[in-house]
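To keep things clear, I will list the structure first and then write my remarks on it.
Each value in this text was obtained by applying a stated rule to the coordinates, not by laboratory testing. As the structure is a prediction and not an experimental result, all values here were calculated from the model. Glycine also receives a Cβ, built like all others from the backbone with ideal geometry; neighbour counts cover every protein chain displayed.
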Amino acid sequence: MRKVKKNEKQEIFTIKSEIRINEKIVLEAGDKIQLIPKVIKESGENRDLLDIISIGERPSKYWPNVSFKNRSLFETYMNSQTEISEFLGIGKPYDDSDNLDGQESYLGYSPSKNMFISGWDCWYSGETEDEYGFEEYDEIASGLVYFRIREGKIRLLKKEVKTGSMMYDSRGGGLQDIRKEFRDLQDIRLD
């Protein structure tokens, strides 16, 4: 059930005549009810992430028109991609020969932890090429960056790079690992 915000207008309605469902009276004349508006996607209008979650909707259904604490989540997240990728180590040497490369592929949120998780498909690339001149990947990985948002700015908390699978790998890892750790995980961006 959606919580009513402190300053939110609360309209109370009085039922004028009884309402029946399958011949059973569910509301009688004179009953008072309060209607709480359901989140409806309207093109270009942002919807609050916590309101979407509170009514049981999937936030990914509304992406990119999602806000968090009255600020566009899309703008906050996308404007932070360089900061997130640098924190994860994208483009930096992994060891003597390999660089970690990657591409953002997921955004989720845990309401109980008030934490966002950015998921990345990653790979370690060396200096070898295949017979056609394409760079060969030494190993695949999923990269995870955990962060919070305050006043429209991200605060990076933790990073993990797990080798052996990418974010959506059916063999495990990536998203499956996150779901085990955060039982209340809400998918916001699935790419």
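What to note about this one:
- Structural size metrics of region 41-190, computed from C-alpha coordinates, are Rg and Dmax of 16.6, 54 Å.
- Once backbone amide H atoms are built at 1.01 Å from N, I188 has L107, G108, Y109 as its partners under 5 Å, excluding neighbours fewer than 5 places away on the same chain.
- Residues D31, D177, arranged from fewest to most other Cβ atoms within 10 angstrom of their Cβ, appear as D31, D177.
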